[in-house]
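Remarks on the structure that follows.
Taken together, the values in this text are just the output of simple stated rules run on the coordinates, not laboratory data. Everything numeric here is computed off the predicted structure, so don't read it as measured data. All Cβ positions, glycine included, derive from the backbone under ideal geometry; neighbour counts span all protein chains shown.
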Amino acid sequence: MPELGALVEKVRSKNAGPFWVTIDIFCGSDTVFGQVVKAVSTDRVAALFQCPAESIKRFEIADLNVLKFSLPRPVVQGSRQDCDMHGAAWAALISELSVN
Amino acid sequence: MTRILIPSGALGLGYDPVALERGIAAKPDLIAIDGGSTDSGPSYLGRGVSKYARASTRIEWAGLIEAQAKAGVPLVIGTAGTCGAGTAVDWLVEITREILSEQGRSAKIAVLKSDQPAERLKSALAAGRITPLSPAPSISDEVLDDCTNIVALAGAEQIAAAIEIGAEIIIAGRTTDTAIIAALPLMRGDHAGAAWHGAKIGECGALCATNPQSGVILLDVDTDSFTITPLADGANATPHTVSAHMLYENTDPFILYEPGGHLDVTGARYEALDARRVRVSGSRWVPSARYTVKLEGARVTGYQCMLMTLLRDPHYIANADAWCADIETRCRAKVIDRLGLAADAFEIELRQIGRNATLGALENRSAEPVELGIMGIVTAGSEALADEIGKTLNPYLLHHPLTQQEEQPTFAFPFSPAEISIGPVYEFCLNHVLELDDPMDAFTLEVIHA
């Protein structure tokens, strides 16, 4: 099964203020968008980030072929437990998801 | 119509000087640039300092002050000095004075400050005028007292007050990224939805276009829409690059909260005027019943000392978990014994760079690395104590054997001294809004002739 990162144009993750992180999946085409929306369920993302599914905001933006997730950071940006000040590495976990 | 020239996403990131000249020739009504954000972490707000080098800031700011003179329109910077705290604003004012004197000119400068004294906020808290956003840490008088800096994010109203003074240069403390751009079109009666939406699209400079690092763009706001024009060679705005910018650093790509209301772009239409320019209409501004400004605060959460050692021996790399756990246990016991500290008075954490130092418990991949960096992080109640514990940890990271049977190993230290004192570490401790009767109630405006 291919990894999501090989199918899409780009996955990026970034802080949305110190208390949230947001992940944008730029699918690049209607076909890939359809595939990704189906394969990447909110529950799968919740399991990946070890957070409750209810805490995740999901946006399926067909005009842009973008699937977006926003979730409260498990630790506040820059707190002692935070390993990733800008929330940059979360994208890697999404990129590595397998897609049917 | 109001034309805003935006040289780049932040002062310190650089801009294309040729494109800036084109922008001046296009006769803008105002030049606006952002000076910071929370994105670099709580230390800058906690200490009230800029993250960018003074020399870089000075050169780029001098270029913009020159552009201001040529264009003959106000130059506005928001969130001066990365964090927008008073000391960072003063720092940029000092740099501005130096530049003006060097350029042999004088200017009227408006200085807007966003600092919030703890006493004001304690009264507001007691009066129920501070409301948590989601998710918010709990706050109390004690938390407010502990903050070394608290700022409120000014909106378009406070920037408008500064513009009304007739200053050539406006140096503002913490503002929303958009306020410095939206203020003038709003003052002139342009479409409010277009003003805020255009400001959001434009606030990162050319990040809303191709050739994103070129910086310079023009924003035209009129009575029903806005138009984005990137000015550098090879920079083109398309409906896709412009609409996609609403995703950037936004929790919700359709809604943006600002002091006094929110922007709703659900009905926005993006239209290519030509290969380079995009016109956007249909954005909506929804005023709120209460006028609130967001608060940001940082306080010291401990003092840290950092050590780094490198493992190249495959035997140690393979057993790094056990090795690190053993060191943590032994070193903790030694600190408690020799320094007489309580077990909860300090922390020692060893992170394995090459294994899971980026994602911690979320990491789901593994591979045997060629080498492994071990980052030792000590946290304690004072700088002296953190450094003392760092020195206690040092011999373990240099020589600790996996078992007592083996010969004493030595690991690679990349630095001398091996203990790197980080000093105070800060945390963001507010995610709240403050209600105001008048937008200027929590802000001060001062005029300087320099």
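Enumerate the amide H contacts of B:Gly260 below 5 Å, restricted to partners 5 or more residues apart or on another chain; note that Pro and chain-start residues carry no placed amide H.
B:Thr292
Could you work out, residue by residue across B:128-140, how many beta carbons of other chains sit within 10 Å of that residue's beta carbon, and then give the average as an integer?
On the way: counts 0, 0, 0, 0, 0, 3, 4, 6, 1, 3, 0, 0, 0.
Taking the mean over all residues of the peptide, I get 1.
Could you pull out every residue, at least 5 positions away or on a different chain, whose amide H is within less than 5 Å of the one on B:Arg269? Hs are placed 1.01 Å off N in the peptide plane, and Pro or chain starts have none.
Long-range HN contacts for B:Arg269: B:Ser281, B:Gly282, B:Ser283.
Each residue of the range B:292-309 in turn: what ³J(HN,Hα) in whole Hz from Karplus with 6.51, -1.76, 1.60 and θ = phi - 60°, glycine and Pro shown as x?
Whole-Hz 3J(HN,Hα) from phi for the range B:292-309: 10, 10, 7, 10, 10, x, 9, 9, 6, 10, x, 10, 10, 9, 10, 10, 9, 9.
Counting only helical runs of four or more DSSP H residues, what would the 222 nm mean residue ellipticity of chain B come to if each run contributes -39,500 (n - 2.57) and the total is spread over all its residues?
On the way: 13 runs with 142 residues, N = 450.
Taking each H run of at least 4 residues, the total per residue is -9500 deg cm²/dmol.
So how do B:Phe346, B:Phe226 line up by other beta-carbon neighbours within 10 Å, fewest first?
Details: B:Phe346 21, B:Phe226 29.
Least to most surrounded, the residues fall as B:Phe346, B:Phe226.
Please rank B:Thr379, B:Thr87, B:Thr410, B:Thr309, fewest neighbouring Cβ atoms within 10 Å first, as an exposure proxy. Can you show the working numbers first?
Working: B:Thr379 20, B:Thr87 15, B:Thr410 10, B:Thr309 23.
Fewest-to-most Cβ neighbours within 10 Å comes out as B:Thr410, B:Thr87, B:Thr379, B:Thr309.
From the phi angles alone, apply the Karplus equation (6.51, -1.76, 1.60; θ = phi - 60°) to the range B:211-226 and give each ³J(HN,Hα) in whole Hz, x where the residue is Gly or Pro.
Karplus values, whole Hz, x for Gly and Pro: 6, x, 7, 6, x, 6, 9, 10, 10, 10, 10, 10, 7, 9, 6, 9.
Compute the separation of the alpha-carbon centres of the range A:53-100 and the range B:7-26 and state it in Å as a whole number.
32 Å
Explain nothing, just compute: Karplus ³J(HN,Hα) = 6.51 cos²θ - 1.76 cosθ + 1.60, θ = phi - 60°, for every residue of the range B:120-131 in order, whole Hz, x for Gly and Pro.
Once rounded to whole Hz, the list reads 4, 6, 5, 5, 5, 5, 5, 7, x, 9, 10, 10.
Throw me the Rg/Rh for the range B:1-123, computed over C-alpha atoms with Kirkwood Rh, two decimals. Can you show the working numbers first?
Numbers: Rg = 15.2 Å, Rh = 15.2 Å.
Checking Rg against Rh, the ratio lands at 1.00.
In chain A, which longest range has no GluC sites (Glu not before Pro) that are both DSSP loop (not H, G, I, E or B) and surrounded by at most 15 other Cβ atoms within 10 Å? Walk me through the intermediate numbers first.
Working: sites that count: A:Glu9, A:Glu96.
Between the exposed loop sites, the longest stretch runs A:10-95.
Give a quick list of trypsin sites (Lys or Arg not before Pro) in the range B:353-449 that DSSP marks as loop, anything other than H, G, I, E or B, with at most 14 other Cβ atoms within 10 Å.
Details: sites: B:Arg355, B:Arg365, B:Lys391; in loops: B:Arg355, B:Arg365.
Filter output for the range B:353-449: B:Arg365.
Obtain the radius of gyration and the Kirkwood radius of chain A from its C-alpha atoms and give Rg over Rh.
Working: Rg = 13.1 Å, Rh = 13.6 Å.
When Rh is taken as the Kirkwood radius, the ratio is 0.96.
Over the range B:140-273, what is the percentage of antiparallel beta bridges among all DSSP beta bridges, to the nearest 5?
Details: 9 of 10 bridges.
Bridges in the range B:140-273 that DSSP calls antiparallel: roughly 90 percent.
Show the residues, 5+ positions off or on another chain, whose built amide H is closer than 5 Å to the amide H of B:Val49.
none
Taking the DSSP beta bridges in the protein assembly as shown as the whole, what percent of them are antiparallel, to the nearest 5? Please report the intermediate quantities before stating the final value.
On the way: 91 of 106 bridges.
If I count the DSSP bridges inside the protein assembly as shown, around 85 percent turn out antiparallel.
Which of A:Trp90, B:Trp196, B:Trp91 has the fewest other C-beta atoms within 10 Å, and how do the rest follow up to the most?
Ascending number of Cβ neighbours within 10 Å: B:Trp91, A:Trp90, B:Trp196.
Count the net charge of all other residues whose Cβ sits under 11 Å from the Cβ of B:Ala386, scoring Lys and Arg as +1 and Asp and Glu as -1.
Details: positive: B:Lys391; negative: B:Glu347, B:Glu383, B:Asp387, B:Glu388, B:Glu419.
Residues near B:Ala386 contribute -4 overall.
About the Cα centre, and with charges only on the beta carbon of Lys, Arg (+1) and Asp, Glu (-1), how big is the dipole of the range B:271-342? Nearest 20 debye, please. Can you show the working numbers first?
On the way: 12 positive and 8 negative charges, 109 e Å.
I would put it at about 520 debye.
Report P(r) for the protein assembly as shown: all Cα-Cα distances, bin width 10 Å, range 0 to the bin holding the largest distance, values in whole percent.
Reading upward from the zero bin: 4, 16, 24, 25, 18, 9, 3, 0, 0.
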